[in-house]
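Written out below as structure tokens is the structure these notes cover.
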Amino acid sequence: MTELAIRGLSKRFGDVAAVDGFELEIGDHELISLLGPSGCGKTTTLRCIAGFEEPTAGHILFDDRDVVGLPPENRNIGMVFQNYALFPHMTVRQNLAFGLEMRSVPKSEMAERIARVLETVQLGDLGERYPRQLSGGQQQRIALARAMVVEPSILLLDEPLANLDAKLREEMRFFVRSLQKRIGITTVYVTHDQAEAMVISDRIVVMFDGHIHQVGAPDEIYSRPVSREVANFIGLTNFVEGRVQGADAAAGECRLETAVGTLRCAYPETLDVGREVALIVRPEAISLSAAAPAESGTNAIPGRVGERYFLGNITGYRISCADDLLLQVQDDPWASFDVGDEVWCTFDAAHAWIIPD
Amino acid sequence: MTTAPDPSPIPNESAAARGRLQRKAGHVLYLAVVVLVYVYLLTPLVIVVLASVNAGEFLTFPPQGFSLRWYVAFFESEAFMGSLFFSLRVAFFATIISTALGVTVALYVVRFAGRWRERLRLFILLPLLLPEILTAIALLFFYYNAEALLRTLGIEVASGVFRNSVLGLLIGHVLITLPFVFLGISASLYNFDHSLEEAARSLGASRLTTFRRVTLPIIKPGIIAGALLAFIISFDLFNISLLLKGIGVATLPIQLFDYVRWEYDPTAAAVATVSIVITVIAILVTEKLVGLRSLRF
């Protein structure tokens, strides 16, 4: 199996830097997602790895071998495209055989490998069909099978589930993940769907404007984002602007002076007193109560329920607090406050995080 | 609950009936227009076929009895048979050449021309937009000058190397048929999904193999449709052939024109019918190979 290293990768299109200074090491068996809004450079990065784009600068190493300059057909990659790109004039079997023919695999072995991969994607009896005779989900799985049957060193997936309907998409996330774990192939997965990236990835690379903002496991990205962009892109977030009042790196805690009073936050590093920072807290970390909390240790912000919506598993609120601060809160579906109610929003210091601007 | 009685059920009902009648009349009228268009298109064909089996001496309608004598006259006429095969030969070579050129140029224009694409597309369609006779005259002048130019460059060429030869005629036919081939191929290239080629490359196919195994089979219907049109157009071409044909040779349309200037017997109708049959055969072959859908542009 293969380790992938990307060193100082940059790609410019004219004056525009699509990718700038991309650094990443991807371990054997690992599934990495490149996540970001459209135009962030994630697809360009993938296409550089595949060999469809020539990097302006930098190196791409497959097991310490630099592949920059090598045409895609000599990189031994498997790639799945957003629109599947199955050859319409070939049957499923011919599609699967294509890569094997290019590698001069003997006929008998070819038949065996095709049968095996069809089994793996659970479409054993569709070999003689043409792509147009398959459903979207089936085409998706054949595209995966076609990429994997050649036993590539690296599997590249470019928004492979984006064209499926929501229900199927969620199922396919687990299918792709379990398949990748079973086969253990090093995989780079491009998506703009944060939920998809969270479900599928070992680690997520969050990109904006051609730059990597953060690399980390899904829970790390979610609970300890390094920038406002990352916090905003992954899930719902409340920002409370403030000034550092005192920080204690040893205790891992930091106090902030904000328009809604002093707030405490877990933070492992020491920050200069007086520095302007943003405290972030996720909607589900906040709970609502009618009375002020008894303990003095938790953060509490008073406010008034501005809007309320029911989502089944949660009830969402938008709470208007002092200084035009609007807090988004997700609480138990059965904890019911009405619009106009005066409430206290409380959250633990451990569930808050700081983004030093 | 009681329903209020409708004060005027009869006027309402008749209004609905009138509406239905109007819709129906409109529908019939519309169909009639469509039918008339088809009648307008097909009547000349029917008449020419009927006239060709006329037993009488002249091109008259209605025909006077059934006879295949004019077909016999046609097949026994050396002039007609010679020009038929000459036309088929010219059409064949013109098709081959303009298809090869068309594929090459269309690939470039659609794929690589970038911001020049629309301009280049327009240029190659010019022979379609300009009057054919202008193209023919321009070519004729060009041939005169080209000969003189080659001579001043010291290259010895036979007199009338372009003007009085199949070469000059073929160049003209290729020029006129190229836009049709280009349209067919570029239509299928515009719709071509680029990721199919990338998929092939990712699976280990070189550029050339990718073109041969993926691109070509997928744009094949466009190529065949373009080639078919080129063949029919070339077979049919009159103005260009009239000006550029060599002395002593004639394409079928020219021969036919010469013939009807002096004779007025149904041999002309027989020739026309044979031309129609050849066209129909070409269309049937396309239908068999790639389906008629590919004739949509």
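The values are calculated or read from the model by the stated rules, or taken from the named source; none is laboratory data. This one's a predicted model, so the numbers in the text were calculated from it and none came from an experiment. We place every Cβ from the backbone using ideal geometry, glycine too, and count neighbours over all the protein chains shown. Please note that ligands, DNA and RNA were not included when accessible areas were found on the heavy atoms of the full protein model with its side chains. Shrake-Rupley method; radii C 1.70, N 1.55, O 1.52, S 1.80 Å.
Values computed for the structure shown
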{"quantity": "Length-normalised contact order for chain B - Cα pairs under 8 Å, 6+ apart - percent", "calculated": "27 percent"}
{"quantity": "Compactness relative to 2.2 N^0.38 Å, alpha carbon Rg of chain A", "calculated": "1.20"}
{"quantity": "The range B:18-153 shape via C-alpha gyration tensor axes, a/c threshold 1.5", "calculated": "oblate"}
{"quantity": "Amide H contacts of B:Asn54 (H built 1.01 Å from N, under 5 Å, at least 5 apart or other chain)", "calculated": "B:Ser67"}
{"quantity": "Surface accessible to a 1.4 Å probe, per residue, for the residues of the range A:4-232, Å²", "calculated": "40 Å²"}
{"quantity": "Size descriptor, Kirkwood hydrodynamic radius, that averages inverse alpha-carbon separations across chain B, Å", "calculated": "23.4 Å"}
{"quantity": "J(HN,Hα) series, the range B:123-128, from Karplus relation 6.51 cos²θ - 1.76 cosθ + 1.60, nearest Hz, glycine and proline x", "calculated": "4, 6, 8, 3, x, 7"}
{"quantity": "Label-point separation, A:Glu342 to B:Ile133 (7 Å along Cα→Cβ), nm", "calculated": "9.6 nm"}
{"quantity": "All-pairs alpha carbon distance profile, the range B:67-108, 5 Å steps from 0, percent", "calculated": "6, 20, 14, 15, 11, 10, 8, 7, 6, 3, 0"}
{"quantity": "HN-Hα J in Hz across the range A:169-177 - Karplus 6.51, -1.76, 1.60, θ = phi - 60°, x for Gly and Pro", "calculated": "4, 5, 5, 5, 4, 5, 4, 4, 5"}
{"quantity": "Once exposed loop GluC sites (Glu not before Pro) are cut out (DSSP; at most 15 other Cβ, 10 Å), longest piece of chain A", "calculated": "A:129-268"}
{"quantity": "Distance histogram in 5 Å bins (all Cα pairs of the range A:237-356, percent per bin)", "calculated": "2, 12, 22, 23, 18, 11, 6, 4, 1"}
{"quantity": "Phi to ³J(HN,Hα) by Karplus 6.51 cos²θ - 1.76 cosθ + 1.60 over the range B:278-287, Hz, x for Gly, Pro", "calculated": "4, 4, 4, 4, 4, 5, 5, 4, 4, 3"}
{"quantity": "Per-residue average of Cβ from other chains inside 10 Å of A:78-91", "calculated": "4"}
{"quantity": "5 angstrom amide H check on A:Met207, placed H, neighbours 5+ away", "calculated": "A:Leu35, A:Gly36, A:His213"}
{"quantity": "Reciprocal mean inverse distance between Cα atoms of the protein assembly as shown - Kirkwood radius, Å", "calculated": "32.2 Å"}
{"quantity": "Net charge of neighbours whose Cβ lies under 15 Å from the Cβ of A:Thr258, counting Lys and Arg as +1 and Asp and Glu as -1", "calculated": "-2"}
{"quantity": "Normalised contact order of the range A:237-356, rounded percent, pairs of Cα under 8 Å and 6 or more residues apart", "calculated": "30 percent"}
{"quantity": "For chain A: relative contact order, % (alpha-carbon pairs under 8 angstrom, 6 or more apart)", "calculated": "16 percent"}
